[in-house]
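Before any comments, here is the structure.
Where a number appears in this text, it was derived from the coordinates with a stated rule and is not lab data. All values reported here derive from a predicted model rather than from experimental measurement. Methodologically, a virtual Cβ is constructed for each residue, glycine included, from the backbone with ideal geometry; neighbour enumeration extends over all protein chains shown.
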Amino acid sequence: MNIVTVLHNKAMEFADEALLARMEGNNQASTALFEKAFDLEKEAAIAIGEDQQESESRYILIRSAAALALNCGKYHEVKALITLGLSGNPPVFIVEELKALEEKLQG
């Protein structure tokens, strides 16, 4: 298992825990867990090899990191990741999802 997969899987574990904490009404724990998930997912997106800079996986990780940043209130990070995700040649579904995140950010 490569480092990107390990980072992503751990990020998703933290995101699941964050959702459970939110459902239980523990917003402080939820935010802290979303921050951990965000940090790992962003690291995974950055860790993608130079030869995969235009890969669908990289764009998916960027979109995921942006969504996690939104969940923990890191609005500057959301905007930066949306901009990064829309650069290059992302798949159409990623463009749509990033634009939806941008609308949430503005609304």
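Here is how the numbers come out for the structure above:
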quantity	calculated
Proximal lysine pairs, the chain, alpha carbons under 15 Å, eight or more residues apart or interchain	8
On Cα atoms only, tilt of 3-23 relative to the major axis of the chain in degrees	30 degrees
For peptides 83-94, 33-44, 58-69, 10-21, sequence by mean Cβ density within 10 Å, most packed first	58-69, 33-44, 10-21, 83-94
Cα-centre dipole for the chain with unit charges at Cβ (Lys and Arg positive, Asp and Glu negative), debye to 20	260 debye
Computed over the chain: relative contact order in percent, which uses C-alpha pairs under 8 Å that are six or more apart	23 percent
For Leu33, net neighbour charge (Lys/Arg +1, Asp/Glu -1) across residues whose Cβ lies under 12 Å away	-3
Farthest toward positive dipole pole in the stretch 47-96 [+1 Lys/Arg, -1 Asp/Glu at C-beta], among Leu81, Ile60, Ala47	Leu81
Principal-axis tilt of helix 27-47 within the chain, Cα atoms, nearest 10 degrees	20 degrees
